[in-house]
Every structure is written in C-alpha cells, then in structure tokens.
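> Handing you this structure, nothing more for now.
Each value in this text was obtained by applying a stated rule to the coordinates, not by laboratory testing. These numbers were taken from a predicted model, which means no experiment stands behind them. Cβ placement follows ideal geometry from the backbone for every residue including glycine, while neighbour counts extend to all protein chains displayed.
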Amino acid sequence: MKIGVLALQGAFIEHCQMLERLGVQSYQVRLPQQLQGLDGLIIPGGESTTIGKLAQDYNFIEPLRAFGATKAIWGTCAGAILLSKDAHRDQPLLRLMDITIVRNAFGRQVDSFEIALEMPCLSQNGSQAPPFHAVFIRAPIIETVSADARVLARLADGRIVAAQQKHFLATSFHPELTQDDRLHRYFLRMVEDAQKTHEQRGAVLVINKENS
Ligand code: GLN
C-alpha cells in the first residue's frame, strides 16, 4: 500500500514517520503528478490558508478532487479545513466533505491543549476502546455535519472534532504527534475499503459493458 502525505507545508514528516512505523510506504507529495499510483492521501496540519494557496499555485486543486473521487483522504487539523465545504473565510478549499468548519475555534487562551477523547469507531470486537490522546493546536471545530457525513468524536461539551464521510476522514487534532497509531490504522482500513469499493464498481462496469 502506498500512502502519500501532502508536503506543501505543515506537519507532514510526522505522518510519514508514523506510517513507516506501521510498515507502510509513505511518499511526500509536492507535485500533482506524484499522486499517481498512490492508494490514499493524508493532508497534514499546518496553516490551511497557506496550504490552500500553495495547492492553487501548484495546480493541485482539481487533481486532489479527482483523486478523492475514488481514493481515501484524511485531513488532520488544517487538512480537515481543506476537506470541508465551508470555513467561513475566503480561502481555497477542496469541498470534498459535507462539513463546515470554524477555524481557530478555541481562542488565544487555549491555543493548545490535550485531552482524552472517546472514539467509539476505534473499538474492536465489541469491547470499548481506550480513549484517544488528542493533541489540539490552534484547532478548528467541525461546526456542522450533513448529507452522509457522520460524527466520530465530540468534546465533552458536544462540539465535533472528528467526522467521516465515505472514504474521507477529518480530525481537528494531531494523531501524528502521539505514539497512538490507532487512527492511522483506522485510515489504512478506509484506504483498503475504498480500493475494494472501486474495484467492485470497476467490475460491475465491465460486466455491464459485456452484457450491452
Ligand atoms: N489554525 C490553523 C488553520 O486555521 C490550523 C492549525 C493546525 O493545523 N494545527 O489553518
């Protein structure tokens, strides 16, 4: 499995290191043609305006949308903002997920904080998963989740900090800055699921063509 990490700006190296620890080949993606042959992509945290503008300058926006038509993408923090359809500011977005975002939602006093976050999606074989150690750095909040997007985690006050829509994953926090690899493994399963779905769709198209 080959996973790319968008390496225009931000915390991409930490994602690559986590993937390598999991025995997965990771690729730093700096040009649109480097998306070819990848099975999934992570858009890291950083500064969403900068990543978006660089993506525009390097003609990445449409290739990233095309990639997302069949392949899994995970956005962490600034990456989650880029996946959203609206961040209430004038900035380039991929608009691949039916989520809206409020940037820097925690104000200056609590620029950064760490909490134990309940994530039922990480439980396996029916047993409850231990909480995820979530690191928030000038983090956004997922304000609304619509269409077939669903909430994966909320803060104690109900605010949404993780969501999934088909093969897209958005987290407000930074799992790559911890030793906890469960969300990376969760994403790798999403990559495999997207591959299977796509292969099945391809097979159905071939069958339909043969029968027509
Ligand atoms: N505050 C940044 C933004 O709005 C996101 C911060 C991060 O990715 N850690 O783009």
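> Would you mind checking which residues have amide H under 5 Å from residue 74's amide H? H placed 1.01 Å from N; only 5 or more apart, or other chain.
41, 42, 43, 169
> Using only alpha carbon pairs under 8 Å that are at least six residues apart, calculate the relative contact order of the chain and give it in whole percent. Each step should come with its number before you reach the end.
Values: 427 pairs, mean separation 37.7, N = 212.
Across the chain, relative contact order equals 18 percent.
> Calculate the FRET efficiency for residue 181 and residue 69 from the Cβ-Cβ distance with a Förster distance of 30 Å, rounded to the nearest 0.05.
Approximately 0.60, to the nearest 0.05.
> A further question on this structure: Using Cβ contacts closer than 10 Å as the measure, can you line up 97, 119, 18 from fewest to most? Mind dumping the intermediate values first?
On the way: 97 28, 119 20, 18 23.
If I rank by nearby Cβ atoms, fewest first, I get 119, 18, 97.
> Starting from the Cα gyration tensor of region 82-203, take the square roots of the eigenvalues, sort them a ≥ b ≥ c, and report rounded, prolate or oblate (rounded when a/c is under 1.5, otherwise prolate if a/b is larger than b/c, else oblate). Walk me through the numbers before you get to the answer.
On the way: a/c = 2.00, a/b = 1.20, b/c = 1.67.
Oblate shape, in that a/c is at least 1.5 and b/c is the bigger or equal ratio.
> Continuing with this model, one more query. Return the Cα extents of region 1-78 along principal axes one, two and three, sorted largest first, each rounded to a whole Å.
32, 24, 17
> What residues have an amide H closer than 5 Å to that of residue 85, excluding those fewer than 5 places away on the same chain, when H is modeled at 1.01 Å from N in the peptide plane?
Distant-sequence amide H within range of residue 85: 97, 99.
> Let's test the formula: R0 of 45 Å, r as the Cβ-Cβ distance of residue 205 and residue 13. What FRET efficiency results, to the nearest 0.05?
E(calc), rounded to 0.05, equals 0.70.
> Longer than 23 Å from Cα to Cα, which of 53/85; 53/166; 2/71; 2/53; 85/196 are they? Say none if no pair is. Could you put the intermediate results ahead of the total?
Numbers: 53/85 16 Å; 53/166 26 Å; 2/71 12 Å; 2/53 26 Å; 85/196 26 Å.
In this structure, 53/166; 2/53; 85/196 exceed 23 Å between Cα atoms.
> Return 160, 142 ranked ascending by Cβ neighbour count within 10 Å, so the fewest neighbours appear first. Spell out each step's value before the answer.
Numbers: 160 20, 142 27.
Fewest-to-most Cβ neighbours within 10 Å comes out as 160, 142.
> When 16, 121 are ordered from fewest to most other Cβ atoms inside 10 Å of their Cβ, what list results?
121, 16
> I would also like to ask the following. Give me the three principal axis extents of the chain from the C-alpha atoms, as integers in angstrom, largest value leading.
Sorted largest first, the three principal extents are 62, 46, 35 Å.
> Compute the separation of the alpha-carbon centres of region 24-73 and region 1-22 and state it in Å as a whole number.
12 Å
> Further question: Pull up the DSSP beta bridges for region 2-211 and report the antiparallel fraction as a percent, rounded to 5.
55 percent
> Related question: What 222 nm value per residue comes from the helices of the chain, counting each DSSP H run with n ≥ 4 as -39,500 (n - 2.57) and dividing by all residues, nearest 500 deg cm²/dmol? Walk me through the numbers before you get to the answer.
Numbers: 5 runs with 64 residues, N = 212.
Using -39500 (n - 2.57) per qualifying helix, the result is -9500 deg cm²/dmol.
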